[in-house]
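The values are calculated or read from the model by the stated rules, or taken from the named source; none is laboratory data. Note that the structure is a prediction, hence the values are computed from the model and not measured. All Cβ positions, glycine included, derive from the backbone under ideal geometry; neighbour counts span all protein chains shown. Just so you know, the surface numbers come from the protein's heavy atoms only, side chains and all, with ligands and any DNA or RNA stripped out. Shrake-Rupley method; radii C 1.70, N 1.55, O 1.52, S 1.80 Å.
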Amino acid sequence: MRPLNILVACEYSGAVRQAFRKLGHNAISCDLLEAEDNSPFHHTGDVFDIINANPLNGQPWDLMIAHPPCTDLAVSG
């Protein structure tokens, strides 16, 4: 199986990106905040910029994982 091109949106911790990179995939994270781990595999800015820029040598994204803020997902409180 070839490495997948993965975009992890709305993530600044780098945890998901790091897990996919350890498995040999081309994972890049993106968030409005800078990466906590100062990774070169993180884009600080609007996710639509990196979706359209296609930074992986013109290769399409195989997978996108988005993590909106928990307050947008929870109905408690």
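About its Cα centre, what dipole magnitude does segment 21-77 give when the only charges are +1 on Lys and Arg Cβ and -1 on Asp and Glu Cβ, stated in debye to the nearest 20?
Approximately 260 debye in magnitude.
So what is the accessible area of the chain per residue, in Å², with the probe set to 1.4 Å?
67 Å²
Counting only protein heavy atoms and using a 1.4 Å probe, what share of the accessible area of segment 21-77 belongs to carbon plus sulfur, as a whole percent?
In segment 21-77, the share of accessible area belonging to carbon and sulfur is 56 percent.
Compute the semi-axes of the equivalent ellipsoid of the chain, taking the square root of 5 times each eigenvalue of the Cα gyration tensor, and list them largest first in whole Å.
22, 14, 13
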